[in-house]
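The values are calculated or read from the model by the stated rules, or taken from the named source; none is laboratory data. No experiment lies behind these values; they were computed from the predicted model shown. With ideal geometry, Cβ positions are generated from the backbone for all residues, glycine too; neighbour counts draw on all protein chains shown. The area values use the complete protein model at the heavy-atom level, side chains included, leaving out ligands, DNA and RNA. Shrake-Rupley method; radii C 1.70, N 1.55, O 1.52, S 1.80 Å.
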Amino acid sequence: MPENGFSILVKDLLPHDCFPDGGLPRPIVILLGPRGSGRTYRLSTLEQTLGADIVHTRIDLAAVGDAGPLAVALAVARGFSTRWPHRRPVRFHRLEMVELAVTLDLGGVLSGALTGRMRGAFWKMARTSAEDAVSGLLQGVAKNPQQAADLTNAVHRAVRTGFPPGLTGAAGRAVGAGPAAARRRKWRMALDWIRSIKPLQGVDPFDRLVQLGNLPASDQEAIAMAALAEDIRENHAKLASADRVGCQWCHHDYQNRARHLGHHWVLLADNVDTEAGIGFLEKLHGLRDDAVNDVKRFPLLVIGTAGSWLPADFTGGWRPLWETDADDGPPVPTCATAYEAWKARGKPGYLPVRLDPVDHGEMAALVTAEARARA
Amino acid sequence: MIEDFVAQCGAGLPSAVTLLAHSVVEAGPGRRDCAALPADGLRKLLADLLSGVLETQGGNGRAIGLDDVITASAEVRAPWLINTTGLMKPVTASVVEGMRRNLWGTAPAEVAPSVEPFLPAAPVLHRFLAAALTDLLARRRGGDGLLTYEETYRRLLGATVAAEAKLPPDEQHPERIAYCHLAMGNVKNAANILTAQFNVATVPTSQWIRMLCLAAQAPCPIPRSTGIAEAFADSVEPGVLGAVDDVERSVTRLLTALWLADDIWTVPRRAPGGGVPRLDERLPWIPDAILTAVIKDEAGFLFGRSARGDRQNLARFMELFDNGRPSPSAGRIGAPSASGWWRRRRLWQQAGILTSGIALVVAGMVPVFAPKSPCGAGLRYNSKVKACVGLDIESSGFVSHDPLSDLEKQIKKDNDQIDAQIAEDNAGKSTDPEYSVSLVFLQEMTPNASSTITIQAVRNALEGAIAQTELADADAPNFHSRIRFKLLLANFGANAGGEQDAVAEIRAAAKSQRIAAVAGIGQSLDATHDAILRLTSGPGEHLTVVGSDVSADTIGLKNPNGSPTDPQNVIDGFYRVVGTNDDEAAAAAHYMQPSEGPQPTVVMIQDGNGDNTYSASLAQAFEGHEHIASTLGYSTDPDHPDRVDADFEAGRTIFCDSAPDFTYFAGRGTDLKRFLTVMKVFSCKYDKTYKIVTGDDGTNLIDPNNPLPTGAFSYSIVATALATTTEWTGDSPPAKAYHSLAGQFSADGFSANDMQDGLAMVSADSVGVLTYATTLSPSVQDAALNDPGAIGGMLQSVRCGNSYPGASGYIEFNQTTHDPIDKAMPLVQISTSGAAEPTGQIAYPAGGPLDYSQSACH
């Protein structure tokens, strides 16, 4: 990527444990530019540059319709779950578990024997395939044949489409890879995690999963986001070993350090100023404030784009251009000045930045491409 | 040029490019009608860009339409007028709010951070959007119930005047009225207002510049069929003729130039010899050569007329326009009289003297606080080029682990031997003692990634200079000469970035080191031109400079845009031993011309970096010799080296498809290599061998250790070389000189390959011609004992039968231009293995070699 204000900002924010800024929690960067100003172009260029070196994914929040944060979180997880060269596979056990409990919509289902069956089914899932396991789980729990059929379809749909590609077709194949003991350990960690989630009650994680299925949607979404965050944190630590050598994105003083946790993962989110985007940002931001997660170590750098000025709650106290009163906060910086401005401010949260104009060389390339297309 | 223009018009908005690229009819310099934007296409684009705005509700409950936005555009692009006038209608308020929400309102700082102190802080409309909306407003003819451009701004002017009149004097903004006048095309009234403000002693300069810039943002109602020069002359005339004094005339011209320069539909004119202009990050437009010259000139004049404490802001303002490097006198179009120039020049000289005085005081303080220098005697560390620059008196090197350290050691050894030899020869001598003088070989000794020269090329040149100095010292007794020569190396850093420091060090050591002249210089860059000027002029000792491979036509001129044959404009004390770019271009054109048959199609690839004097003048010269079917531009920028590749990638399809018979590459050899690297992975539409012809810098590609890129792209390269190893046959004097040099190379243990690119021969000749000059008259031997600089003065005599037979050919200097007359110029083919393959052709600018016998005088 040609060096410009945006690339420099990304480079400054990308390192995960070699901060020249002392390790401030990374902000949620929102790239502001009017329609047609090259926001998507910038994001595409960055995506190409990150390549296989930096774990990243991209989502267009204008294309997800009215999907809620859970659906967006699943899409994000799916994006991260491609096979990264020289790295171990990415797994989202917690999110899968939450997604399963939510998708099954267990409200109204007889649940007397469900906990025990769920327990058995999970361990079976860890050994064989998710589809078989979940199908077995449903036997005898539905009130009537129609509900059984609906639930079965829901499960299969969930397994086929809901799980990240690395696990689809499903979860069984991916989960089935590797020693059984390791697989069980992963699931046990996920179940341990469910024990820590409020407002779920009870010691038995399977009891908690049943409760999760019956929670209001907003609570389910909050738990799904927490699952996503915890899974990212765990996967990041696991995959970071590949970052230890040749840390070209890191501050040069750290480039030769024998061991560090490398770079943040990057979520590139187009059009966060849509309804789905706002909802997702809200949950993501809330999650970062959650004491359960140590924000300093949350290894996800979010770079969103917006073609309109966001509501006040999503601008982190930065002042829009047309406001001149300094009491309204510091003015929204440009990409070139954003890092220093953010560092000086010393606050996590949102960092809206103004898109630098596409420079001469890039414009010239666009003109040439246009001329070529015309020919 | 189209790319530049579209980039300027698009103002960083890629989606505008599509429409613009389709609409540019002919991008002639100085024209304003090149983007023939169809109204429906423009409306369609705006409807798409403004979709977020058009979705909002106007004050009357209906959705805002595009015509509402066009009508409101006059106020939206100047929001500071809205609050003043109270004109804003509900629908305008909705448009403003919609523009803000959808991020079309930008701050000036976004596009011009350095201008920020001068420009109004209020957000303004995006440049392209503002221009496009104004364009549509100007197309209204009336009669359809929609306000026309004239009606809109007449109302705005009236309301602004009325609103300002209601304010107390210290809260008024006269520049807003000036803005409205200017939008109506009334320059005189606008200038009158700003002149009055300039004359108010309590208005600080920074505030006045802010007023000026705000007013100059007014839209321009002059029909786009009127070119920029005509528009300037027509606009400025009433104001200049009716002005009461020089200040008002100057403000009129300054305001008009700024106003027209800010018009994005203008295709900027190139600075003479300055190449393709570029968008400068500090300015939102590409500087037009003539307009920026006017701006600088008038701002300089006003600087002199201002007595305010912060008038330095005018100087800072002028610096913003340095990008186009216009000459101070290049652009006095529509000038009322030339009488102001000398007066202004004196004022600037005074300012310069004052600045120099301060600099000297500061410089005197530095050693007290400065840490110990990492550099040896005669050198100082330059952080810009990250190396020691100056004169290497102790052969201590220019960087740690200097790759030239073996040569530096050899020079020290040679110099020590000279001292020992002189001491031995002078022992017991009471008269006519032998003595030594120093020849400084100055060039870029520490190339970096942004350099257009390799360390190998530096080495080759140095070896030539060393070998020739050794030959001269060995030959001195044969000429009964008492002068012995020491070589001292000097470095001005990568791209001559540290030339000021280097020159200061050389001049400081001129007496103590008995410097006779400076040879070398290396490449033709703006910075090397500056170095030549500083060495040969200014207060203190003047040194003679002999360029070894500087070939740009203008490098020997004080004012590159002035006359090359005007003796007043030729730099005294500068000579060179290679032919000019004009000569090279003539040779290249001659090579391309078939003896019969149709004319070949020629494409020129040109470096647009105006700082690169070599490339610019090569392109200019070639344009004069050959009909060029099309020109492809690229632009080198030391701060952004990646852009070159991007430019080549952008242009390679067009290049391939044009399938020229010849391609003239008017750029550096390193750029040519990058071009070939970009092309090697690209399959051209036509399966043919592309014949590339380039200038002498192409010989930097001759390096058997670094073969050229090969791949799908088939090509051949011919360069007009400075000299070659196979140039001479027989026993002509140049042949003898070459063989002597080659013999010394061998004796010194230098590789014969190092002579292949010819740099060794021309650098040897730059030293050789100086040593030769000492043999032309016995008197110089006496004169140089007390004044080593006298040797340089003898170069005037290298003519009329006193030609110097150098290894690169006969050299005799033109009495006026100091350029060599009819210098031999071999053509070499550079193979993909990096070897030079002779074509057997030597080109002469005069068509053939001259008569160099003793009786001939050219």
**OP:** Would you point out which residue out of A:260, A:285 is of a type outside the set (Phe, Trp, Tyr), surrounded by 14 or more Cβ atoms within 10 Å (Cβ to Cβ), closer than 26 Å to residue A:44 by Cα and modelled with pLDDT under 85?
**Re:** A:285
Original post:
Across region B:781-803, what is the total count of residues that are open to solvent by 20 Å² or more (accessible area, probe 1.4 Å) and either under 23 Å from residue B:587 (Cα atoms) or in a loop (DSSP other than H, G, I, E, B) (or both)?
Top reply: 5
Subject >> When residues of region B:805-831 are limited to those that are touching a Pro at 6+ places or on another chain (Cβ under 9 Å), of a type outside the set (Gly, Ala, Ser) and farther than 22 Å from residue B:582 by Cβ, the one most open to solvent (accessible area, probe 1.4 Å) >> reply: B:829
Subject >> Residue list for region B:146-166, restricted to those being open to solvent by less than 80 Å² (accessible area, probe 1.4 Å) and either of a type outside the set (A, V, I, L, M, F, W, C) or on the phi > 0 side of the Ramachandran plot (or both) >> reply: B:148, B:149, B:151, B:152, B:153, B:158, B:160, B:164
**OP:** Please go through region B:224-236 and pick out each residue that is over 12 Å from residue B:191 (Cβ atoms) and touching a residue at least 60 places away in the same chain (Cβ under 8 Å).
**Re:** B:224, B:225, B:226, B:227, B:228, B:229, B:231, B:232, B:233
Original post:
open to solvent by less than 30 Å² (accessible area, probe 1.4 Å), in contact (Cβ under 8 Å) with a residue 12 or more places away in the chain and of a type in the set (D, E, K, R): does that describe residue A:219?
Top reply: no
Original post:
Here are B:631, B:613, B:636: which of them is closer than 30 Å to residue B:650 by Cα, without any contact (Cβ under 8 Å) to a residue 40 or more places away in the chain and either surrounded by fewer than 16 Cβ atoms within 10 Å (Cβ to Cβ) or not acidic (Asp, Glu) (or both)?
Top reply: B:631
Original post:
Restricted to region B:717-760, and to residues that are out of contact with any strand residue (DSSP E or B) (no Cβ under 8 Å at 6 or more places or on another chain) and charged (D, E, K, R), which residue is surrounded by the fewest Cβ atoms within 10 Å (Cβ to Cβ)?
Top reply: B:731
Original post:
Is there any pair linking a residue in region B:675-687 that is in contact (Cβ under 8 Å) with a residue 60 or more places away in the chain to one that is surrounded by 15 or more Cβ atoms within 10 Å (Cβ to Cβ), with Cβ under 6 Å and at least six apart or on different chains, and which?
Top reply: B:675/B:648
Original post:
Among the residues of region A:43-51, is any within 14 Å of chain B (Cβ to nearest Cβ), free of Cβ contacts under 8 Å to residues at least 12 places away in the same chain, within 29 Å of residue A:241 (Cβ to Cβ) and not in a strand (DSSP E or B)?
Top reply: yes
Subject >> Within region B:167-205, tally of residues that are part of a loop (DSSP other than H, G, I, E, B) and either farther than 14 Å from residue B:239 by Cα or open to solvent by 50 Å² or more (accessible area, probe 1.4 Å) (or both) >> reply: 12
**OP:** Return a yes/no flag: does region B:45-54 have any residue that is open to solvent by less than 40 Å² (accessible area, probe 1.4 Å), more than 7 Å from every other protein chain (Cβ to nearest Cβ) and under 28 Å from the mean Cα position of the chain (by Cα).
**Re:** no
Original post:
In region B:28-72, how many are of a type in the set (Ser, Thr, Tyr) and more than 15 Å from residue A:35 (Cβ to Cβ)?
Top reply: 1
Original post:
Under the condition of being part of a helix (DSSP H, G or I) and at pLDDT 75 or above, which residue from region B:1-18 is nearest to the other protein chains (Cβ to nearest Cβ)?
Top reply: B:15
Original post:
Does region B:660-688 hold any residues that are open to solvent by 10 Å² or more (accessible area, probe 1.4 Å) and touching a strand residue (DSSP E or B) at 6+ places or on another chain (Cβ under 6 Å), and which are they?
Top reply: B:662
Original post:
Which ones in region B:97-142 are modelled with pLDDT of 50 or more, away from chain A (no Cβ under 13 Å) and part of a helix (DSSP H, G or I)?
Top reply: B:131, B:133, B:134, B:135, B:136, B:137, B:138
**OP:** Scan region A:226-242 residue by residue and report those that are touching a strand residue (DSSP E or B) at 6+ places or on another chain (Cβ under 9 Å) and at pLDDT below 85.
**Re:** A:239, A:240
Subject >> Contacts under 6 angstrom Cβ, first residue in region B:731-750 being without any contact (Cβ under 8 Å) to a residue 24 or more places away in the chain, partner crowded, with 18+ Cβ neighbours inside 10 Å, 6 or more apart >> reply: B:735/B:728
Subject >> Residues that are assigned to a strand (DSSP E or B) and within 14 Å of another protein chain (Cβ to nearest Cβ), drawn from region A:325-356 >> reply: A:331, A:334, A:352, A:353, A:354
**OP:** Restricting attention to region B:761-780, report how many residues are touching a strand residue (DSSP E or B) at 6+ places or on another chain (Cβ under 7 Å) and open to solvent by less than 40 Å² (accessible area, probe 1.4 Å).
**Re:** 9
Original post:
Considering region B:206-260 alone, what residues qualify as being of a type in the set (D, E, K, R), surrounded by 24 or more Cβ atoms within 10 Å (Cβ to Cβ) and under 29 Å from the mean Cα position of the chain (by Cα)?
Top reply: B:253
**OP:** Kindly check whether there is at least one residue in region B:38-46 that is among the basic types (Lys, Arg) and in a loop (DSSP other than H, G, I, E, B).
**Re:** no
